[in-house]
Each structure stands twice: as C-alpha cells, then as structure tokens.
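Engineer: Below you'll find the structure I mean.
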Amino acid sequence: MTNQTIEKALSIIDILAMKGRGEKISCLTAYDAGFASIIDRVGIDIMLVGDSLGMVVQGHTTTVPVTIDNMLYHTTCVTRARKRAFVISDLPFNTYSNPKAALKNAARLMQEAGAHMVKLEGARPDCVRSLIQEGIPVCGHLGLQPQSIYQLGSYRVQGKEPLSAQKIRDDALLLQDAGIGLLILECVPVSLAREISRELTIPVIGIGAGIDCDGQVLVLYDMLDIGIGKRPRFSKNFMIGHESVESAIASYHHAVKKAEFPSLEHSF
Ligand code: KIV
C-alpha cells in the first residue's frame, strides 16, 4: 500500500456528469505513450487520438492520407499508457462511407486498440445509429471538418452566415438524436457554439469555438509549439513561461477548468 491516491478511470458517464454540474471538460490530442502518460498524469479528462496525427506526426498537409492501421497503431500506444483519461479515437477518411464499413472499422479501434469511443466527421446519423446499436459510443465532429478539406478549399471558420449556422445547429440535433455521446465543434463563431452547447444535453467540446462550450480540445503539438506549420489562431503556445512539457499541459488543463481559455483572441 502507498499513500498515493489512485484516481478512478473516467467513463462517458463521468464526462456527461461534468456538463451536468457545470464543470469544464479538458481534452487534448495524444498520439504516443510518452505524451499520453504525461497528459494522463496531469489530469486531462479526455485524450483524443486525432487523425491530426497525419499532419503533426507524419508530415502530411492534410488528414486525408491517414489509414485505419495508422489509427490502430497510435491508439494502442496511447491506451497502453492511459490510467484515468477517457480515450477517443478518430475514424479516418473513407472508413465510414456506409454503416457496415463504420462498424467494421470502429470495432477494430475498440477491440484491437482499446479506444473507449470513436469520432466521425459530419452529419452521418446512419453510421451513428449502427455503431450505437452495437454498443460503440460515438463522438460527432461538426463545423470545420478537416477530412473534407478538398471540398472546402481552405481551413476557415464555418457557420458565419445564417444558413450555414442553421445547418450546423440542425446537424448537431440530428446527431444527438441518433445517439452521439459527445460533440466536437471546430472553428465556429462563439455565439453559434454557445447556442449549440446550451441546446444540447450532451457535452460540446470546442476547438476554435469560444469559451462557452462545455469543454475544450487543442492539438498537442500546436499548444507545445512543436508543430511543423503555422499555429492556428485559435490555439495558444502554453510552453511560454513553462520549463517542462508537464507544466505547460497542466497550465492548459487549469486554464480550461477555470474557464480562462480560450480568450477572445483565440476565438471567432
Ligand atoms: O484530429 C484531431 O486532432 C481533431 C481535433 C482537431 C478535434 O479532430
């Protein structure tokens, strides 16, 4: 026996309860065991094995080349190191073009790599329903959807006009009705993210979506300032003023919990 307190591993029920009591949810991407063990130790609630790994780890210019095998490898590395955080893994491009494909690939992320939930981009209630039916928790992803970059043309704020804002609102409700347990909203105006976060009963995690979301996520390499390209405007270099990766990540965690991040400077 040691004096160390062993914290209970978080489940989706714990994450949902955080929204219920108004506690902000901290989330950060993770791709390997080393960083994952620091993120977990700091107390971040959710680790997202994002397909952003295609850009920050593999050096691609988009997330499109990421394969299911890449996701299985990185998710396994993260879940091996995890003790407390809830782990979400991305279904990469073209792995959920129909419910059958979604089921096959999501089941691999859960069974072979140990993910607790899978994330898919866009309004795909058909895929969500079939995953939920098999007991696979799903996280939605609306607003900027990086897997559709070749349709979008550039990584820009979504939902600025009334029609596109209404579509994001409608899709959020559609996905919630289909059974998603969490929603990530990327690069949308603060006011739209606020409305959606208030309207949905499930937690909404923002990235470039303002302070009023139920939680925040950032790409690890951006907030540690070790990314290859330019850091997005909505991210922040948390290494400034910190001598270690662990204290930078702890400072992000506390800033999210105390609703001190993001400021207007990091919002649209
Ligand atoms: O892949 C990723 O890291 C993500 C976040 C940007 C939300 O989806």
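The values are calculated or read from the model by the stated rules, or taken from the named source; none is laboratory data. Remember, predicted model here, so these are calculated numbers, not experimental data. Note that we place each Cβ from the backbone using ideal geometry, even for glycine, and neighbour counts take in every protein chain shown. The area values use the complete protein model at the heavy-atom level, side chains included, leaving out ligands, DNA and RNA. Shrake-Rupley method; radii C 1.70, N 1.55, O 1.52, S 1.80 Å.
Engineer: Taking the solvent-accessible surface of protein heavy atoms with a 1.4 Å probe, what is the per residue accessible area of the range 152-268 in Å²?
Structural biologist: Details: 5330 Å² over 117 residues.
It amounts to 46 Å² per residue over the range 152-268.
Engineer: Just reorder 24, 8 by solvent-accessible area, largest first, 1.4 Å probe, all chains present. It would help to have the intermediate numbers written out before the result.
Structural biologist: On the way: 24 45, 8 135 Å².
Listed by decreasing accessible area, they come as 8, 24.
Engineer: Mean separation of Cα pairs under 8 Å and 6+ residues apart, divided by the residue count of the range 1-129: what relative contact order is that in percent?
Structural biologist: After rounding, I find 23 percent.
Engineer: Relative contact order for the chain using alpha-carbon pairs under 8 Å, separation at least 6, rounded to a whole percent? Mind showing how you got there, number by number?
Structural biologist: Working: 542 pairs, mean separation 47.4, N = 268.
Relative contact order for the chain comes out at 18 percent.
Engineer: Next up: Quote the relative contact order of the range 150-204 in percent (integer), defining contacts as alpha-carbon pairs under 8 Å separated by 6+ residues.
Structural biologist: This gives 39 percent for the range 150-204.
Engineer: Then there is this: I'd like the trypsin sites (Lys or Arg not before Pro) in the range 52-161 restricted to DSSP loop residues with at most 10 other Cβ atoms within 10 Å, sorted by number.
Structural biologist: 156
Engineer: Still on this structure: Give the long-range amide H neighbours of residue 143: residues separated by 5 or more places, or on another chain, with amide H under 5 Å away, using H modelled in the peptide plane at 1.01 Å from N.
Structural biologist: Here 186 satisfy the definition.
Engineer: Separate question: Quick one: the Cα spread of the range 12-266 along its three principal axes, in angstroms, biggest first?
Structural biologist: So the three principal-axis extents are 47, 41, 39 Å.
Engineer: May I ask you to list the GluC sites (Glu not before Pro) in the range 178-268 that are in a DSSP loop and have at most 11 other Cβ atoms within 10 Å of their Cβ? Write down the numbers at each step before the final one.
Structural biologist: Working: sites: 186, 195, 199, 243, 246, 260, 265; in loops: 243, 260.
In loop regions of the range 178-268 (DSSP not H, G, I, E or B), the sparsely surrounded GluC sites (Glu not before Pro) are 243.
Engineer: Another question, if that's okay. Of all trypsin sites (Lys or Arg not before Pro) in the range 199-261, which ones are in loop regions per DSSP and have a Cβ with at most 11 other Cβ atoms within 10 Å? Working shown, then result.
Structural biologist: Details: sites: 230, 233, 236, 257, 258; in loops: 230, 233, 236, 258.
Passing both the DSSP loop test and the Cβ count: 230, 258.
Engineer: Could you name the lysines whose alpha carbon sits less than 24 Å from that of residue 24, not counting residues in the same chain fewer than 8 places away?
Structural biologist: Those lysines meeting the cut-off are 8, 83, 119, 236, 257, 258.
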